[in-house]
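Reading through the structure tokens given below for one structure.
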Amino acid sequence: MDRQALEEGARKILLTNLRQGVADWNGREYSFVCPSLTGYPFQWFWDSCFHAIALLHLDPDQAKAELRTLMSGALPNGFIPHIIFWEMEKQPDFLSRNIVGQVDPHYSSTMQPPIIAYAVERVYQATGDEAFKNDALPVLTNYYRWLRGARDPDNDGLIAVIQPEEAGTDCSPKYDEALGLTELSNQGFIAALKKVYEAYEPMRGDDHAMLAADLFHFEDVLVNSIYAFGMRSLARLHGSGPEADEFNQQADRTTNALLEKCWDEDAGAFFDMSGVAEEPVKVVTISSLMPLVLPDLPRNKVERLVGDWVSSSDHFWTPYPLPSVPASYPKFMPGNPRGFIWRGPSWINTNWFLSLALRNHGYSELADAIVAKSHECIERSGFREYYHPYTAEGLGARDFGWSTLILDM
Ligand code: GLC
């Protein structure tokens, strides 16, 4: 598939999945791409950021509209939801198959990995649109301050998530123990999650209370890598002055905390910490590699991650890398997960992050190989939600939005 064919395929998906209108419930106009018409017909936070980046290669105005729509969902306290249900009539069907933490029926009261400032920065760089940047800056500033104020109760620079979906890697095996997961299936996962939801019920919306309850409290490496990465973008968008200093300092704190608290020298990888007691969760997953997105990650850590994990065929270097958990892990499930996701297949969004990261650290051949393999997955199987790491078989949702990130790779 050449560039043109890839662009045509991506354009078809982004246009078909485009949702536009005026919401019945708040009278606001919306214009965004939903991840998939069948499985995910609403606006998802990090998906939207990825869609905007892909759209830069096809339709920069739509990239702006995508992010403007997402930012229009910000609450006065700064919070931006992980799902916004612009078209409420589709909600009953979705909620019959999924559970969502909510205090308001129109959006989730949970977060997703905070990549938005980077997406805004990319759109601004590509379009030079000052008005777009100036409108975005207060929303982004409030949002990253909300994260710090609401999600870092121990003030160590690392923010915590209150349920797995907030980290974007829903059923990752790293959460099994914290969830008390015994039945290894999507049904088992939902059942375990329901218990957490029930206990949260009286506290929903009070993030401090939920974190203090210590029911599910993860200082997640993927989330915090993206948090630091996003704050660097926000600092650059501010240019200079007190806000730029504020977010650079916070990005330093988060990076240092990842290094001091999450790095495991024996494993040569980063581990999440679970609970108020900060117990390291010694399960290597794709998250363990995500600090590579930080340009200031010390060289010795970069070399361990790349040498021991990324490029090792025992672990992440499968025929179609990078699997969401390494092939060496006993619970690795490479194919047909039936909704039990992030336990083996390879995803284009994490390949996008890691190809970018590896290129920045000087591993251009490795980055090129990830791009070529991602391209091959799409060529063989179309724009799917995720792919079999041995065969490139397409799995999960069809015509899936963020797989169009290939255009940016
Ligand atoms: C799944 C993924 C999550 C994504 C959502 C919509 O829940 O785990 O990361 O945002 O689908 O595509």
Candidate residues 388, 57, 208: accessible-area rank, largest first, probe 1.4 Å
208, 57, 388
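Carbon and sulfur atoms: what percent of the 1.4 Å accessible area of the stretch 155-295 do they account for?
Ligands and nucleic acids excluded, carbon and sulfur give 48 percent.
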Which value, in Å², gives the accessible area per residue of the chain when a 1.4 Å probe is used on the protein heavy atoms?
37 Å²
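Could you give the length gained by full extension between residue 88 and residue 260, i.e. 0.36 nm per residue of separation minus their alpha carbon distance, to one decimal place? It would help to have the intermediate numbers written out before the result.
On the way: separation 172, 0.36 × 172 = 61.92 nm, distance 4.44 nm.
Using 0.36 nm per residue and subtracting the Cα-Cα distance, I get 57.5 nm.
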Mind running the shape call on the chain? Use the C-alpha gyration tensor, a ≥ b ≥ c as the square roots of the eigenvalues: rounded below 1.5 for a/c, prolate if a/b tops b/c, oblate otherwise.
rounded
Stretched out fully, how many nm does the piece from residue 279 to residue 98 gain, at 0.36 nm a residue minus the Cα gap?
62.3 nm
Counting only C-alpha contacts under 8 Å and six or more residues apart, can you give the relative contact order of the chain as a whole percent?
15 percent
What's the magnitude of the charge dipole for the chain around its Cα centre, counting Lys and Arg as +1 and Asp and Glu as -1 at the beta-carbon? Answer in Debye, nearest 20.
640 debye
Would you mind computing, in nm to one decimal, how far apart the modelled labels at residue 145 and residue 201 are, each placed 7 Å from Cα along Cα→Cβ?
3.6 nm
So for 7, 279, what's the accessible-area order with a 1.4 Å probe, most first?
279, 7
Output the relative contact order of the stretch 298-409, whole-number percent, from Cα pairs under 8 angstrom with separation of 6+ residues.
25 percent
For the full complex of protein chains and a 1.4 angstrom probe, list 303, 29 by accessible area with the highest value first.
29, 303
Measuring from label point to label point, each 7 Å out along Cα→Cβ, what is the residue 7 to residue 267 span in nm?
4.3 nm
Probe radius 1.4 Å, ligands and nucleic acids ignored: give me the carbon and sulfur share of the accessible area of the stretch 298-409 as a rounded percent.
47 percent
Report relative contact order for the stretch 150-261 in percent, whole number only (criteria: Cα-Cα under 8 Å, sequence separation at least 6).
32 percent
Only Cα pairs within less than 10 Å get springs; with that Gaussian network setup on the chain, which residue of 54, 63, 74 has the largest fluctuation?
74
Positive-pole candidate from 159, 191, 178, dipole of the stretch 156-228, charges at beta carbon:
191
If I histogram all Cα-Cα distances within the stretch 315-360 using bins 10 Å wide from 0, what percent of pairs lands in each bin?
29, 53, 17, 2
For residue 133, what accessible area in Å² do you get when you roll a 1.4 Å probe over the heavy atoms of the protein chains, rounding to the nearest 10?
30 Å²
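For each pair in 12/64; 133/373; 174/301; 90/174, compute the distance between the two Cα atoms and list the pairs where it is over 30 Å. Let's see the in-between values first.
Numbers: 12/64 19 Å; 133/373 35 Å; 174/301 21 Å; 90/174 32 Å.
As for pairs spanning more than 30 Å Cα to Cα, those are 133/373; 90/174.
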Most fluctuating residue given options 355, 364, 48, as computed from a GNM of the chain linking Cα atoms under 10 Å:
364
Over the chain: helical MRE at 222 nm, DSSP H runs n ≥ 4 each giving -39500 (n - 2.57), nearest 500
-13000 deg cm²/dmol
Pick from 318, 182, 16: which residue has the top mean-square fluctuation in a GNM of the chain where Cα pairs under 10 Å get a spring?
182
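The values are calculated or read from the model by the stated rules, or taken from the named source; none is laboratory data. Everything quoted here is computed from the prediction, not taken from an experiment. Using ideal geometry, Cβ is built from the backbone for each residue, glycine included, and neighbour counts are taken over all protein chains shown. The accessibility values were calculated without ligands, DNA or RNA, using every heavy atom of the protein model including side chains. Shrake-Rupley method; radii C 1.70, N 1.55, O 1.52, S 1.80 Å.
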